[in-house]
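Asker: Handing you this structure, nothing more for now.
The values are calculated or read from the model by the stated rules, or taken from the named source; none is laboratory data. Because the structure is predicted, anything quoted here is derived from the model rather than measured. Methodologically, a virtual Cβ is constructed for each residue, glycine included, from the backbone with ideal geometry; neighbour enumeration extends over all protein chains shown. In case anyone asks, the SASA skips ligands and DNA or RNA and just uses the protein heavy atoms, side chains included. Shrake-Rupley method; radii C 1.70, N 1.55, O 1.52, S 1.80 Å.
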Amino acid sequence: MKDSTSQKLTWKGYLVVASLLFGLFFGAGNLIFPLHLGQLAGKNWAVAAVGFLVTGVLLPLLSVLAVSITRSEGVFDIGKPLGTGFAVVFMVLIHATIGPLFGTPRTATVSFTVGIAPFVPKNTDSMSLLIFSALFFVAAFAFSYHQNNILSNIGKVLNPLFLSLLFLVFVVAFLNPLGDPQTAPVTSAYQHSALVNGFLEGYNTMDALAGLAFGVTVVTAVRGMGFKDSKSLSKIVAQSGIVGVAAIGFIYLLLILMGAMSLGHFKLSENGGVAFNQIVNVYGGVFGQALLALLLTVTCLTTAVGLVAAFAQDFHKHFPKISYHTWLFLSCFSSFLAANFGLDQIIAWSTPMLMFLYPLSMVLILLSVCSPLFNKAGVVYFFVIVFTVVPALGDMIVAFPSVVSKSQFGLAVAGVRSHLPLADMGLSWLVPALVGLAIGLAVYYARRKNVPEGQVN
């Protein structure tokens with residue numbers, strides 16, 4: 001393909017890139033969390049869905065647009081207005097959270113726990129997980145070994161297979177509904193705060209964080225199609241992102257509705273994985289369970305490929321003495337080790353990190369999207385981040401398992417945090433962030449009166 005700035009991508013090309021984005025975003029959590037949300041919200045599923053779609057769809061779309069608008073290539077560039085040091089630390093935290101520590105290991109543990117574990121004896125769970133996770137990450141390593149093949153492997157092979165299997169599940173479930181979602185029982189937390197709880201539940205998808213990290217993978221793939229000009233790259237990423245994320249939003253709505261309907265046949269499940277298992281068994285028995293195992297393994301593998309590739313690409317770019325393939329191996333091996341701690345431990349320790357990183361990521365995404373309005377001035381970024389990071393740290397501490405949150409230190413932090421607006425909703429950072437924005441913009445415009453245009457920082 002010729003390198004031409006005037007070259008236009010065909011509609012099929014846009015669909016392939018959109019399919020790549022969809023496959024990178026849509027993993028295990030994207031199946032189980034909206035399904036469980038539907039069960040938690042019951043007849044209030046529509047209100048909860050609105051909140052979930054903000055953090056699960058709108059923010060990931062904005063993260064893609066942020067990469068496009070700022071012509072960034074990854075999470076490092078998004079944090080760069082605050083200086084190289086902050087950008088490196090932010091990049092490492094994001095990649096560690098959605099990568100080897102929590103996100104990537106979860107792709108293996110969810111597919112094993114929900115799809116594979118029912119077929120193996122209970123007393124062999126640990127050994128079975130060890131073997132499965134080893135094979136899983138060997139496959140992820142193989143699919144992401146050649147960077148230029150990632151678009152083909154995910155956008156043209158794995159993702160269409162996953163969508164076909166998921167479509168089959170939806171057809172059967174909606175032709176034979178298990179119950180009426182309008183009469184489904186509602187848990188206490190969703191009686192009056194369905195919108196906010198749906199919003200917070202969207203954190204678990206990790207997609208806003210992933211959107212920043214996947215930027216380098218998507219840009220590399222589009223460049224591999226022959227587009228080198230930054231303007232063309234930005235346009236393709238933005239337009240494809242809208243298509244891919246819109247498809248995810250539609251599937252979320254179907255999953256939430258399916259979860260609410262399932263309450264006509266089942267009680268509230270421990271998690272969305274159990275709920276999915278129950279639903280598929282009702283409709284398909286052993287065959288349905290085998291289909292679910294394949295479905296989860298395929299979708300988890302697509303996300304794992306994107307995560308390990310993004311990790312390796314970003315780290316090789318900023319620490320070039322270590323090769324892409326070495327970083328790729330380290331990512332896969334570390335994820336394999338973490339996966340064997342089990343799903344419950346991964347979720348328990350990932351939630352606090354998300355409570356800290358999501359607010360920072362949200363404000364950086366919104367600042368990046370709006371950056372043309374204030375010439376990407378670092379002073380605006382600075383005040384917003386400073387006013388966001390302190391309450392976000394408090395949200396993180398109180399979200400830790402009891403060994404931390406119920407310690408003397410944890411209780412002291414919780415006491416101070418309780419005085420902040422919206423703290424009881426898990427949004428103690430929101431008002432301070434707005435205050436920081438107001439101060440940052442005031443300083444920026446005050447400086448601009450005395451400094452030539454484009455020199456305010």
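Asker: Filter the stretch 370-402 down to the residues that are aromatic (F, W, Y) and over 23 Å from I69 (Cα atoms), then identify the one that is modelled with the lowest pLDDT.
Answerer: Within the stretch 370-402, the match that is modelled with the lowest pLDDT is F400.
Asker: Residue by residue through the stretch 19-46, note down the ones that are aliphatic (A, V, I, L, M) and more than 17 Å from N277 (Cα to Cα).
Answerer: Scanning the stretch 19-46 gives L20, L21, L24, A41, A46.
Asker: Within the stretch 30-55, work out how many residues are surrounded by fewer than 24 Cβ atoms within 10 Å (Cβ to Cβ) and either at pLDDT below 75 or of a type in the set (A, V, I, L, M) (or both).
Answerer: Adding up the residues that qualify gives 5.
Asker: Collect the residues in the stretch 226-274 that are free of Cβ contacts under 8 Å to residues at least 24 places away in the same chain and either more than 22 Å from A208 (Cα to Cα) or open to solvent by less than 10 Å² (accessible area, probe 1.4 Å) (or both), keeping them in residue-number order.
Answerer: Hits for the stretch 226-274 are K267, E270.
Yes/no per residue for (1) out of contact with any helix residue (DSSP H, G or I) (no Cβ under 6 Å at 6 or more places or on another chain); (2) under 19 Å from G273 (Cβ atoms):
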position: F174; (1), (2): yes, no
position: L195; (1), (2): no, no
position: S234; (1), (2): no, no
position: I256; (1), (2): no, yes
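Asker: Name the residues in the stretch 275-292 that are under 18 Å from P177 (Cα atoms) and open to solvent by 10 Å² or more (accessible area, probe 1.4 Å), would you?
Answerer: Of everything in the stretch 275-292, those that are under 18 Å from P177 (Cα atoms) and open to solvent by 10 Å² or more (accessible area, probe 1.4 Å) turn out to be N277, Q278, V280, N281, V282, Y283, G284, G285.
Asker: Taking the residues in the stretch 299-328 that are among the aliphatic types (A, V, I, L, M) and farther than 21 Å from G79 by Cα as candidates, determine which candidate is surrounded by the most Cβ atoms within 10 Å (Cβ to Cβ).
Answerer: A304
Asker: Here is a list of conditions, (1) assigned to a helix (DSSP H, G or I); (2) open to solvent by 10 Å² or more (accessible area, probe 1.4 Å), and H419 meets all of them except one; can you say which number that is?
Answerer: (1)
Asker: Next question, about the same structure. Which one of T70, T84 is β-branched (V, I, T) and either in contact with a strand residue (DSSP E or B) (Cβ under 9 Å, 6 or more places away or on another chain) or surrounded by 20 or more Cβ atoms within 10 Å (Cβ to Cβ) (or both)?
Answerer: On inspection, the qualifying residue turns out to be T70.
Asker: Listed residues A247, A210; which is assigned to a helix (DSSP H, G or I) and either among the charged types (D, E, K, R) or out of contact with any Pro (no Cβ under 8 Å at 6 or more places or on another chain) (or both)?
Answerer: When all the criteria are applied, what remains is A247.
Asker: Among the residues of the stretch 122-143, write down those that are modelled with pLDDT under 85 and surrounded by 21 or more Cβ atoms within 10 Å (Cβ to Cβ).
Answerer: F143, the sole residue that qualifies.
Asker: Being under 17 Å from the mean Cα position of the chain (by Cα) and part of a helix (DSSP H, G or I) is the filter here, so list the residues in the stretch 214-236 that pass it.
Answerer: Selection gives G215, V216, T217, V218.
Asker: Taking helices (runs of 4 or more DSSP H) that do not extend beyond the stretch 27-144, which have at least 3 residues that are more than 16 Å from A210 (Cβ to Cβ)?
Answerer: 28-41, 45-53, 84-96, 125-144
Asker: Quick check on the stretch 440-452. Is at least one of its residues in contact (Cβ under 8 Å) with a residue 12 or more places away in the chain, open to solvent by 60 Å² or more (accessible area, probe 1.4 Å) and farther than 23 Å from S368 by Cα?
Answerer: No, the conditions are met nowhere in the stretch 440-452.
Asker: Okay, moving on. Mind counting the residues in the stretch 370-390 that are under 22 Å from the mean Cα position of the chain (by Cα) and open to solvent by 10 Å² or more (accessible area, probe 1.4 Å)?
Answerer: 3
Asker: Determine which single condition A108 fails, assuming it passes every other condition in (1) under 30 Å from G288 (Cβ atoms); (2) touching a residue at least 40 places away in the same chain (Cβ under 8 Å); (3) open to solvent by 10 Å² or more (accessible area, probe 1.4 Å).
Answerer: Of (1) under 30 Å from G288 (Cβ atoms); (2) touching a residue at least 40 places away in the same chain (Cβ under 8 Å); (3) open to solvent by 10 Å² or more (accessible area, probe 1.4 Å), only one is false for A108: (3).
Asker: Consider the stretch 158-192. How many of its residues are open to solvent by 50 Å² or more (accessible area, probe 1.4 Å) and among the hydroxyl-bearing types (S, T, Y)?
Answerer: Going through the stretch 158-192 one residue at a time, the tally reaches 3.
Asker: If you don't mind, there's one more thing I want to ask. State whether the residues of the stretch 346-358 include one that is among the small types (G, A, S), more than 20 Å from V218 (Cα to Cα) and surrounded by 20 or more Cβ atoms within 10 Å (Cβ to Cβ).
Answerer: Looking through the stretch 346-358, at least one residue is among the small types (G, A, S), more than 20 Å from V218 (Cα to Cα) and surrounded by 20 or more Cβ atoms within 10 Å (Cβ to Cβ).
Asker: List pairs: first residue in the stretch 360-385 and closer than 17 Å to G83 by Cβ, second residue surrounded by fewer than 19 Cβ atoms within 10 Å (Cβ to Cβ) and among the basic types (K, R) anywhere in the structure, Cβ distance under 8 angstrom, at least six positions apart or on different chains.
Answerer: Note: pairs meeting the criteria are V379/R447.
Asker: Going by the conditions given, is G410 open to solvent by less than 10 Å² (accessible area, probe 1.4 Å), part of a helix (DSSP H, G or I) and either assigned by the TED database to the domain that holds V92 or over 23 Å from L82 (Cβ atoms) (or both)?
Answerer: yes
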